[in-house]
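Here's the structure we're looking at; comments come further down.
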Amino acid sequence: MPFAGSCYLIKHAQGWMLWDTGLADSVAAMPEGLRPSDPRAITWRLPKTLAAQIDELGLKPSNIKYVAVSHSHPDHIGNVDMFRNSMLMVQKAEYDSPGGSSLRSRPNATVTTIEGDRDVFGDGSVIIISTPGHTGGHQSLLVKLPRTGAVLLSGDAVHFKENWDNRRVPSINFNAEQTAASMQRLANIMASDKAQLWINHDKAQRDGQKLSPAFYE
Ligand SMILES: [Zn+2]
């Protein structure tokens, strides 16, 4: 099945914040995509680089103040090294895990390791929500937009709408019980904050959304 993968750039009076960095931009130069030898595995393709999309907005990676990643899988941290001047925000459990090694090995990187939730700008508009289960230190993001309202960016707390509707836990996940609890936590936030859930890998949902340089207010 085809699936999508998105990064989200957030404009705040205190600075720009990037949520997830996607697949490595180097994949865009591979005509066949990145094809693992196991034919059952995912073939990755990148039609447009993150660098080109940031450039299209008249920005440079050095303009991005915060980079937060949902978790340390390669389709979410692929371009993290592009943002050497940014503060990386990641759960401590993720950073310290075996999967976090590529985040730990970045020379001179500034990192904030988080335990639990974090109000990024201190005004309640952008809140990191701890949602472990897919990985040990997975996190999601609640963004409260002035016109659009509250949007929950799932990360991989859930991969597809069908999984969400049926509360399915992928067999690859780090912890099934934590995953179920995190899905319930997201459902509770959707109810209390009237939030939409944007499911990162759900292509059908993504195909109906505005993409950069278009934006949500
Ligand atoms: Zn993913």
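The values are calculated or read from the model by the stated rules, or taken from the named source; none is laboratory data. These figures come from a predicted structure and were not determined experimentally. Every residue, glycine among them, receives a Cβ derived from its backbone with ideal geometry; neighbour counts consider all protein chains shown. Only protein heavy atoms, including side chains, enter the accessible area calculation; ligands, DNA and RNA are left aside. Shrake-Rupley method; radii C 1.70, N 1.55, O 1.52, S 1.80 Å.
Quick look at the values:
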| quantity | calculated |
| --- | --- |
| Dipole of segment 8-207 [Lys/Arg +1, Asp/Glu -1 at C-beta], most positive-end residue of His134, Ala191, Leu34 | Ala191 |
| Mean projected area (nm²) of the alpha-carbon convex hull when segment 68-157 is viewed from all directions | 5.9 nm² |
| Choice from Ile128, Ile172, Ile77 showing the highest fluctuation, given a GNM over the chain with Cα pairs closer than 10 Å | Ile172 |
| The chain - mean residue ellipticity at 222 nm from DSSP helices (-39,500 (n - 2.57) per run, n ≥ 4, rounded to 500) | -5500 deg cm²/dmol |
| Set of lysines with alpha-carbon distance to Lys60 below 29 Å, sequence-local pairs under 8 removed | Lys11, Lys48, Lys92, Lys144, Lys203, Lys210 |
| Length-normalised contact order for the chain - Cα pairs under 8 Å, 6+ apart - percent | 17 percent |
| Relative frequency of Cα-Cα separations exceeding 13 Å in segment 102-152, percent | 66 percent |
| Extension gain from Glu177 to Asp123, taking 0.36 nm per residue of separation minus the Cα-Cα distance | 16.3 nm |
| Overall form of segment 111-217 per C-alpha gyration tensor (a/c, 1.5; a/b vs b/c) | oblate |
| Computed FRET value (nearest 0.05) for Leu9 with Ala187, which takes r as the C-beta separation and R₀ as 41 Å | 0.95 |
| Simple spin-label estimate for Arg168 and Asn85 in nanometres, 7 Å along Cα-Cβ | 4.4 nm |
| Carbon/sulfur fraction of accessible area - segment 8-207, other protein chains in place, 1.4 Å, % | 51 percent |
| Under 15 Å from the Leu57 label point (7 Å along Cα→beta-carbon), backbone N, segment 173-207 | none |
| Peptides ranked, highest mean first, by Cβ atoms within 10 Å: ranges 25-38, 129-142, 57-70 | 129-142, 57-70, 25-38 |
| Radius of gyration, Dmax [the chain; alpha carbons; angstrom] | 16.4, 47 |
